[in-house]
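Every read-out reported here was derived from the displayed coordinates using simple, explicitly stated rules and does not represent laboratory data. Only a predicted model underlies this, so the values are computations on that prediction, with no experimental measurement involved. No Cβ is skipped: glycine too gets one built from the backbone with ideal geometry, and neighbour counts run over all protein chains shown.
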Amino acid sequence: MGKRRTVLLMVGVLAAVSLAGCGGASGEKTGAKEKVRLMVWSPSEDQSKDSGQWLQNSCEDFAELHPEWDITFVYGIADEATAANQVAQDPVASADVFMYANDTLTIMTDANALAKFGGKYREEIETTNSPEVLESLVKDGDLYGVPFTTNTWFMYYDKSVFSEEDIKNLDTMLEKGTVSLPFTNSWYLPSFYIGNGCTLFGDGTDESQGVDFGGEKAAEVTDYLIDLAANPNFEIDADGSGLAGLRDGSINAIFSGSWDANAVKEALGENMGAAALPTYTLNGQKKQMTAYAGSKAIGVNPYSKNMVAAVELAVYLGSADAQRTHYELRNVIPCNTELLEEEDIAADSLVSAQNDTFNRTSILQPFVAKMNNCWVPVENMGKGIRNGSVTHENSLQQTEDMNEAMNSDGI
């Protein structure tokens, strides 16, 4: 995707959004107030009446906090996964404020379509978020958004089947009940390889180091996965089969994220448990399943004609107050460190499961361009094990083939 001509010099943007006061937004003056128009994009769920119209209500609360502006909000639909492509293709016509998944950050920075947060705004964001969350939104030392949730997966389980001790280890769980995992989904399967020392692009940011999903450490994981798939107490989760199994009792644990919380609650009721990822036992040693993780953030368009108001709104939508209502209305797990200390939120196992996974049993999902080469080979490995074409006899060669494909631009 080619770079687009930048209308606003970014140094000027940073100077504008770092002002101590709230004035300076461009717009037509009406008496003591300044007319401001802000286009805001979010997923449809944030705007529906069924989920409490979180976005509209949050924007109205923001407007009340800023009587110096006469704000007109224009709402549009764009989920976090696809917003980046829309903004990058035509930033001038895109929203002033939008939500995006951090692994799409470079799509927008390559197009000069994402504003940096500096000055007092960066300070505020840094004081209310963990270093791990902040790292997910930093590129070349610059901060590009206001985080509002961590983004990863964890484990749901039936508390009537598994004890708190059982859930520490996957193989122990398989002795007690049935476990399902999206085995052919390449967002989940790498957790076993990463847990045994496989790496992606060094620390995740250095493309020149490539992917290391080869050698004996990777091949022995492939052998473990062959046995896992053959275990009668293991089921491959696909097309909602894991949730269906929770409902009818044929499955006792699944791996998913906060987006499935309501469905799991309906299936398990008071027996619903949520926990960070367990270990698994490889050649007699416990290895930690290690998920990909990232964040979701509020971004600002550097082409906004009301830059200060846009940045102020982004910071508010990622604030403790907005995250609290997001959590109450839609189970969006907060990441604001002050909010996480509140008693009712700290006591929620769902919050603990997601944030414990993010902080303890995950790596930051690389968002370098070559990461795009890694999805299909891992998916093919999962499918090969499922259909029997990957066996103990050829596991070493199949693993090396996967590693070569992950390091190739031809896949």
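Some notes on this structure:
- Backbone amide hydrogens, once placed in the peptide plane, bring Trp69 within less than 5 Å of Glu34, excluding anything fewer than 5 places away on its chain.
- Extension gain, Glu400 back to Ser241 (0.36 nm per residue minus Cα-Cα distance, nm): 54.2 nm
- Other-chain or far-sequence residues with amide H under 5 Å of Arg37's (modelled H): Thr72
- When only alpha carbons are used to place a centre, region 188-255 and region 289-359 end up 27 Å from one another.
- Reach of Lys139 by Cα under 20 Å, taken over aspartates and glutamates that are not fewer than 8 positions away in the same chain: Glu80, Asp103, Asp110, Glu123, Glu124, Glu126, Asp203, Asp206, Glu207
- Cα-centre dipole for region 92-179 with unit charges at Cβ (Lys and Arg positive, Asp and Glu negative), debye to 20: 240
- Residue-averaged 222 nm ellipticity for the chain, from DSSP H runs of 4+ at -39500 (n - 2.57), nearest 500: -11000 deg cm²/dmol
- Reported to the nearest whole Å, the Cα centre-to-centre distance from region 92-126 to region 369-397 is 35.
- Interchain or long-range residues, amide H under 5 Å from Asp212's placed H: Thr199, Leu200, Phe201
- Highest to lowest packing among 379-388, 228-237, 272-281, scored as the average C-beta count within 10 Å: 272-281, 379-388, 228-237
- Straight-distance crosslink candidates among aspartates and glutamates, where the alpha carbon sits under 13 Å from Lys35 and sequence neighbours closer than 8 are dropped: Glu68, Asp70
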